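**Q** Could you have a look at this structure, given as structure tokens, before my questions?
The values are calculated or read from the model by the stated rules, or taken from the named source; none is laboratory data. Quick caveat: nothing in here was measured; it's all calculated off a predicted structure. Note that we place each Cβ from the backbone using ideal geometry, even for glycine, and neighbour counts take in every protein chain shown.
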Amino acid sequence: MTSDPAPLSAQPTPAGRSRHAVTFVLITVFLDMVGFGIIMPVLPKLIEDVGHVGIDRAAAIGGWMFAAFSLAQFFCAPLAGNLADRFGRRPLLLLAIFGLGADFLLSALAPNLEWLFVGRVLAGVCGSSWVIANAFIADVTAPEERAKAFGLMGAAFGLGFVIGPALGGLLGEFGPRVPFYVAAAVSMINFVYGWFVLPETLAPENRRPFELWRANPFGAFRVFATYPGVLPMCLVLGMFFFATSVYPAIWAFWGIARFGWSEGMVGLTLAIFGLIMAGFQGGLTGRFVAAFGEYRTALIGLVCAVLACTGYGFATGLSFVVVLMLVHGPEGFVHPMMTAMMSKKVPEDAQGELQGGISAITNIAMLAGTIVFSQIFAHFMAEGRDWQSPGMAFFVAGAFILVALVMFVALTRREDH
């Protein structure tokens with residue numbers, strides 16, 4: 001029978017279709033992030049309603065939920081990356097998208113905090129779509145073009161956050177569960193789209209046997225040690241993601257506590273931030289790389305990240321926040337630049353393993369970071385404290401980004417940039 005339009009394991013993408021493959025993945029990531037961004041403005045309210053707690057306790061609970069998400073990704077992302085190196089990118093990416101849609105539906109129906117935690121764990125298990133998408137891009141782009149391609153991935157992420165949080169803020173006016181239903185629908189539409197148009201990019205001759213010892217985060221760390229220069233960069237990236245996890249950990253809670261933002265305003269600020277990030281990553285990444293090279297572009301991003309994060313702690317109003325977002329924009333260069341630098345140091349049959357390992361490192365870093373920064377926020381905003389400071393977590397995070405900057409310079413100064 002030949003009537004089925006797109007079997008789960010499709011044939012590899014011919015070289016002439018590589019541009020179409022990139023387009024498919026970018027749209028997939030965009031829709032994925034729309035679904036994820038929709039829920040962000042309403043999660044604080046949902047935790048407060050379901051758990052019957054105040055904003056300080058809701059922030060602490062939200063941090064533990066994000067930690068559960070990150071822990072699940074830490075263990076599952078390397079597995080997904082190695083499976084993608086064995087069976088191809090397409091089936092793993094489609095399974096991840098479908099699972100994410102199921103998670104949103106579960107969260108929409110959650111009757112208590114325990115089920116919300118289950119939903120966050122499922123989201124982490126299925127959050128490997130980024131891992132497969134990055135390997136997808138590495139399959140179809142030349143090494144010298146990967147920095148620009150990974151920048152476009154970041155732009156798709158940013159554009160998803162333009163539409164997702166704004167839509168979530170508007171839908172949140174109808175109730176905190178409504179955005180979850182819409183996010184589930186978006187993910188399922190994304191799955192159907194991918195089923196019909198997503199090609200396979202990993203040729204059979206480039207696949208390698210699955211080895212369980214390599215398909216766990218600790219095994220990935222051992223493998224990274226065999227590729228010169230990869231492990232030090234992973235350490236820098238881990239510190240960077242530890243520090244920048246302050247944003248998903250407290251942004252909505254911080255905006256509500258400091259400025260009295262509504263769900264709609266939280267969504268609007270996230271949308272503005274996503275637009276700025278998309279502009280930098282999609283429109284300026286290639287120009288910055290051409291002008292400064294990958295190393296210096298990453299360095300610029302780290303410097304701007306320190307300034308922006310520290311500045312949020314001093315912010316006094318929306319105008320101040322928007323100005324800081326413009327300063328914050330070049331931070332979007334950091335991840336794609338470091339990913340591109342590392343992708344050149346590993347063989348083509350290990351790109352999925354590399355992306356899975358990077359995801360494991362960044363997720364364990366974000367797990368620790370969200371716990372730390374949400375607890376800092378909760379501590380300095382606890383009821384009855386004589387001195388409250390919603391911005392303290394940003395000051396601490398800014399110091400850690402500075403540490404990442406120093407590590408990056410120290411660990412890479414001997415390389416030829």
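**Q** Looking at segment 320-337, is at least one residue of a type in the set (D, E, K, R), in contact with a helix residue (DSSP H, G or I) (Cβ under 9 Å, 6 or more places away or on another chain) and surrounded by fewer than 22 Cβ atoms within 10 Å (Cβ to Cβ)? Give the steps one after another, and end with the answer.
**A** Initially, segment 320-337 is screened for residues of a type in the set (D, E, K, R), giving 331.
So of that shortlist, the ones also in contact with a helix residue (DSSP H, G or I) (Cβ under 9 Å, 6 or more places away or on another chain) come out as 331.
After this cut, where a residue has to be surrounded by fewer than 22 Cβ atoms within 10 Å (Cβ to Cβ) as well, the list is none.
No - not one qualifying residue is present in segment 320-337.
**Q** I would also like to ask the following. Within segment 169-183, take every residue that is surrounded by 23 or more Cβ atoms within 10 Å (Cβ to Cβ) and among the hydrophobic types (A, V, I, L, M, F, W, C) and give me the one that is nearest to V34 (Cα to Cα).
**A** A183
**Q** Pairs only if they're at least six apart or on different chains, beta carbon under 9 angstrom, first in segment 265-290 and over 24 Å from M338 (Cβ atoms), second modelled with pLDDT under 85 and among the hydroxyl-bearing types (S, T, Y); list them, first residue then second.
**A** none
**Q** Could you check T28 against (1) surrounded by 24 or more Cβ atoms within 10 Å (Cβ to Cβ); (2) at pLDDT 75 or above; (3) closer than 23 Å to I358 by Cβ; (4) not basic (K, R) and say which number it fails?
**A** (2)
**Q** Of the residues A166, A110, A84, only one is modelled with pLDDT of 80 or more and either farther than 22 Å from I364 by Cα or not acidic (D, E) (or both); which? Break it down stepwise before answering.
**A** Details: A166 fails: modelled with pLDDT of 80 or more; A84 fails: modelled with pLDDT of 80 or more.
Criteria check complete, one pass: A110.
Quick grid of which residues meet (1) at pLDDT 90 or above; (2) farther than 21 Å from A84 by Cβ; (3) under 22 Å from the mean Cα position of the chain (by Cα); (4) not in a loop (DSSP other than H, G, I, E, B):
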residue	(1), (2), (3), (4)
Y312	yes, yes, yes, yes
S319	yes, yes, no, yes
L326	yes, yes, yes, yes
V334	no, yes, yes, yes
A340	no, no, yes, yes
L354	no, no, yes, yes
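**Q** From the list F117, F150, F69, which one is within 19 Å of S359 (Cα to Cα), of a type in the set (F, W, Y) and out of contact with any Ser or Thr (no Cβ under 6 Å at 6 or more places or on another chain)?
**A** Working: F117 fails: within 19 Å of S359 (Cα to Cα); F150 fails: out of contact with any Ser or Thr (no Cβ under 6 Å at 6 or more places or on another chain).
Testing whether each residue is within 19 Å of S359 (Cα to Cα), of a type in the set (F, W, Y) and out of contact with any Ser or Thr (no Cβ under 6 Å at 6 or more places or on another chain) leaves just F69.
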